Structure formats: C-alpha cells, structure tokens
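First comes the structure, then the notes that go with it.
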Amino acid sequence: MIPEATQRLRSAAPLLSKAASLNDARLFGVQPRRHLNVSSRRAGKINHRPPPRDRVEIPGLEAVTYADRMHYVPGLSKPVFPRWEMGHKDPRFYRSPPHRDMALHRDEPCYVFHQRSSILEGVRQALWLTKTKLTPGLPPQLLALAESSANQIADQDERVQNAINHACFWETTEAEPKECNSSTLVHNLLQLCSSLQAGRPELGRRMLAEKYSVTASWSRGEDLFQVRGQNGLLLSSAWPLPPLADGQEVEETANHELETFYPVAPTIDLQTTHLYNPSENTTGFRNDYPYPHAHTLYFLDGVDRRCRLRPPQLRAKMIMFCFANALARARGLAPPEGPAPPLERPVCVQAVGTDGQTFQFVFFQLNTTELTNHSGVKNQVWLEEDVPLYDSARLRPLMRRKEVMVPAGLIGYRPETFRKFLSLYLHGAQ
C-alpha cells in the first residue's frame, strides 16, 4: 500500500504545491530532498576574473573618488593609494623591482639552455652551439677496459639481471608496471660497479652528487649563450679524465666544417632572458671540494613525468651539459683574458643517459675555449646511441587472440651494454 502511494505522490508532485508535497511525503514516510543547483567548483567550471580596466588619466582633470568618504560610492572613481611600506623586511610580502631596474639587466638577450630544453635540431644544433666535431661510436681503447679479466665482476650477468628485475618488478607496488624505474636501475648498476673497489682502491676517490647546478657562459658569433640548471647525477673524481685524442688529432679538427641547418636559427627553442651575468661560470662546488673533476653525468629520462625528451633531444642535452661542466672547469682553472688558445690539457667529461631500457653513451673532450668564430681547433665528442640493455621486461605476458606475443619476465638481456657502462665507470682510474 505504501509503495504504491509513494509512486503516485511522486508522479503528481509537479501539480501540488511545495508545502503540500513535503507534508504528504512526511506522512508516507518518504525522505524529502532539496534539489539545489551544483556549484561551479563541483561542476568543474572556472570563474575567470575579468581583466583590470586601463586607468585613463586626462591631463588637467582630476578624478573624483570616494577616498574621503572611506567607503564605496557608486558613480565615483576608485582611489589609488600609495603603497604602504613596512618598517622591516618581510619575505612574504616581497615584490621584485622591474626587470630594467635590476643590477643584472642587459639590453642584449642571452639564450639559455636548461634541464627542460628540447631543441629542434637535436645533436646537430648542440654540435654547432658547442663548436664540436662528432665521431660515431666509442673508441676501442675505452671499450677494452671492461674486457680485461681483472675488471670482471663475479657472476656479472646474473647480478645485472637481478638489478634489472629489482628496478622493473620488485621496486614498484603496481599490479602491472608500465616502465622500468631508470633512477633505481642506474643506482643498482653503480653499486654493482663499485664492488670492484676492493681490487682497485682508486675507485674510492669518487663522490656521487645529486641536484647540483652548473652554469657556463660563452659567445658564438654575436650571440651570448648559457647553460644553467640541474642535469641529474654527477660522479666526480679526485683526478681528471685522460683525453682520448692526442695532439695531432686535435690539430686535425681545424679542417672540420661545422654542419649548419639553415634556414633554422641556431637559437631556436632556447629561452631568452635579459637578466644574466655574462661572465658567470660555476661548477656547483666550492674551490676546496676534494673531488673537483667531473667524471660521468647520468641523465635519468622519465623521472620527471612533466618533462620527457625524445632520444635526439636527450642526446643533445647530454652533449650540452658535458660541455658546460668542462667549460666551467676550464674557465675556473684559467679565467679568460683575451683570445683563448687551445688548451694544453683537454678537459674531458663522460655522460650516460637512459630511460630504463635504452642507453646513450657520450664522451666529450674540450680542446679549446675560443668559441666565437667557426675556424680553428674544434672540440670533440664520441657518441654511442640507442643501445638497449634488454628487449622487454613485463610482469604479465602480452596476449593477442589467445596467443602469447611477448612472454613475461626479462627477455633479451644484452651483456655488452653493461660492459660499456662498466668501461665508462673504470675509465680514469689511476
């Protein structure tokens, strides 16, 4: 009886008054509801504030405001009061002065490359900006370091596969992880490489630093460039890296012609700023730091989900930050005074970049700090690109029409990739 009456009451509710419907609803034991409009926040709407109106000032006329009445009066102009100055400095209410009033303001723009820069031309643009000659692949004398029996790790392949499994499967709590954690993988591989310290004590004279900042400034033609920001992990050493190219090879780079990408400008995709110090070159560490020489930079692509680079842009970023660390170190040893001759001892920096599966290897050799013109001795870089550590790592098999396309687990492990990783780690040990 009651459900039938409730249904009839609901069907006749639009015909009844609000008071009668509520009373009848309470009579039959039905809980009344109020139908209110959904607020803009719950509906996902954003109420944008209207832009402020331009204040028009007519010479010779004074606006009539409601400043004397101390309250809003329709039809009168809004008064403009002078800014109240505190008797002390409070950082919560700090307002920066206009850019043109700052001490570091310059009329000429500076083009900045930072950790989130993604340049259009990739490696070609990085080579032009750093005045560098590219050599594909790593040199044989560098790869031979991991082939020696004295530099082999006990159960090397098994322990590397365990490091991959830890980064891809064991470290996450997801039911089906989509990708391998590049940060965990690199830390596991570095810990595995450091196990050789018992036989080679000189490997203990190194330090791993995170979130350090580097700054390097140089000129190319009439433009000023800078590299600023953080690039990931830095393995620094107490001794500098030995150069790969001898003096004759360095002199032969003077005949190399840099590749251009006209009509694209070399400054494309670089941040433009007018606030900079044109002579700023810092390695990110104090002068009395016991490990002043940059050994290897590790770029972890994918750690920052908001900034993921494609492989060409990642390789360009590696070259730019290797160049910045080498240039800052060279300028710290010999501050620039007039035209800079080729360096007596080149400054070398290595780099390893990975997204958790594919590795990029870079060896950069800074031969000169004279970067204004296009002639003369060039810098050198050796680049090994797109080297996979394994083919796939899946927690569950990939099925298509009840057929296993990709099996579960670690598939296609490449031991030669870790040997290259180990060679860069062992390079420079006295």
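Details
- From the options ASP107, ASP101, residue that is out of contact with any Phe, Trp or Tyr (no Cβ under 9 Å at 6 or more places or on another chain), open to solvent by 40 Å² or more (accessible area, probe 1.4 Å), touching a residue at least 12 places away in the same chain (Cβ under 8 Å) and more than 21 Å from ILE411 (Cα to Cα): ASP107
- Any hit, the range 286-296, residues being over 21 Å from VAL112 (Cβ atoms), within 21 Å of the chain's Cα centre (by Cα) and surrounded by 18 or more Cβ atoms within 10 Å (Cβ to Cβ): yes
- Residue in the range 282-295 that is of a type in the set (A, V, I, L, M) and part of a loop (DSSP other than H, G, I, E, B) present: no
- Screening GLY87 with (1) modelled with pLDDT of 90 or more; (2) open to solvent by 80 Å² or more (accessible area, probe 1.4 Å) gives one miss only, at (1).
- Any hit, the range 108-124, residues being of a type in the set (S, T, N, Q) and over 30 Å from PRO278 (Cα atoms): no
- Among the residues of the range 378-407, those that are touching a residue at least 12 places away in the same chain (Cβ under 8 Å) and more than 30 Å from ARG220 (Cβ to Cβ) comprise VAL387, PRO388, LEU389, TYR390, ASP391, SER392, ALA393, ARG394, LEU395, ARG396, VAL406, PRO407.
- GLU385 vs. criteria at pLDDT 90 or above and loosely packed, with under 13 Cβ neighbours inside 10 Å: no
- Only a single criterion out of (1) open to solvent by less than 70 Å² (accessible area, probe 1.4 Å); (2) part of a loop (DSSP other than H, G, I, E, B) is not satisfied by LEU145, namely (2).
- Selection status of ARG345, over 26 Å from CYS180 (Cβ atoms), of a type in the set (D, E, K, R), over 26 Å from the mean Cα position of the chain (by Cα) and not in a strand (DSSP E or B): yes
- Cβ-Cβ under 9 Å pairs, at least 6 apart or on other chains, the range 212-231 side under 15 Å from GLU370 (Cα atoms), far side surrounded by fewer than 17 Cβ atoms within 10 Å (Cβ to Cβ) and basic (Lys, Arg): LEU224/ARG106
- Residue in the range 354-362 that is open to solvent by 30 Å² or more (accessible area, probe 1.4 Å), part of a strand (DSSP E or B) and touching a helix residue (DSSP H, G or I) at 6+ places or on another chain (Cβ under 8 Å) present: yes
- Odd one out for PHE169 among (1) surrounded by fewer than 18 Cβ atoms within 10 Å (Cβ to Cβ); (2) outside any helix (DSSP H, G or I); (3) at pLDDT below 95: (2)
- THR283 meets all of the listed conditions (1) of a type outside the set (Lys, Arg); (2) modelled with pLDDT of 95 or more; (3) under 26 Å from LEU142 (Cα atoms) but one, namely (2).
- Among the residues of the range 153-166, the ones that are open to solvent by less than 30 Å² (accessible area, probe 1.4 Å) and over 19 Å from GLY412 (Cα atoms) come to 1 in all.
- Taken together, LEU424, LEU366, LEU395 contain a single residue that is closer than 30 Å to THR260 by Cβ and of a type outside the set (Ser, Thr, Tyr), which is LEU366.
- Of everything listed in (1) surrounded by 10 or more Cβ atoms within 10 Å (Cβ to Cβ); (2) at pLDDT 75 or above; (3) among the hydrophobic types (A, V, I, L, M, F, W, C), the single unmet condition for LEU61 is (1).
- Qualifying positions in the range 404-430 - in a loop (DSSP other than H, G, I, E, B) and closer than 12 Å to GLN350 by Cα: HIS427, GLY428
- Only one entry of VAL349, VAL377 meets the criterion of being open to solvent by less than 30 Å² (accessible area, probe 1.4 Å) and within 30 Å of ASN151 (Cα to Cα), and that entry is VAL349.
- Residue in the range 237-254 that is open to solvent by 50 Å² or more (accessible area, probe 1.4 Å), assigned to a loop (DSSP other than H, G, I, E, B) and either in contact with an Asp or Glu (Cβ under 7 Å, 6 or more places away or on another chain) or closer than 30 Å to HIS99 by Cβ (or both) present: no
- Consider the range 221-236 and keep the residues that are part of a strand (DSSP E or B) and more than 22 Å from TRP382 (Cβ to Cβ). The one that is nearest to the chain's Cα centre (by Cα) is GLY229.
- Just one of the listed residues (THR282, THR272, THR260) is open to solvent by 50 Å² or more (accessible area, probe 1.4 Å), out of contact with any helix residue (DSSP H, G or I) (no Cβ under 8 Å at 6 or more places or on another chain) and of a type in the set (Val, Ile, Thr), namely THR272.
- Residues that are open to solvent by 20 Å² or more (accessible area, probe 1.4 Å) and either out of contact with any strand residue (DSSP E or B) (no Cβ under 7 Å at 6 or more places or on another chain) or modelled with pLDDT under 90 (or both) do occur in the range 418-425.
- Boolean, ALA351 is among the aliphatic types (A, V, I, L, M), modelled with pLDDT of 95 or more and under 19 Å from SER237 (Cβ atoms): yes
The values are calculated or read from the model by the stated rules, or taken from the named source; none is laboratory data. From a predicted model like this one, the values you see are computed outputs, not experimental measurements. Neighbour counts are summed over all protein chains in view; Cβ atoms, including those assigned to glycine, are modelled from backbone coordinates with ideal geometry. When the accessible area is computed, the model is the full protein with side chains, heavy atoms only, and any ligands, DNA or RNA have been set aside. Shrake-Rupley method; radii C 1.70, N 1.55, O 1.52, S 1.80 Å.
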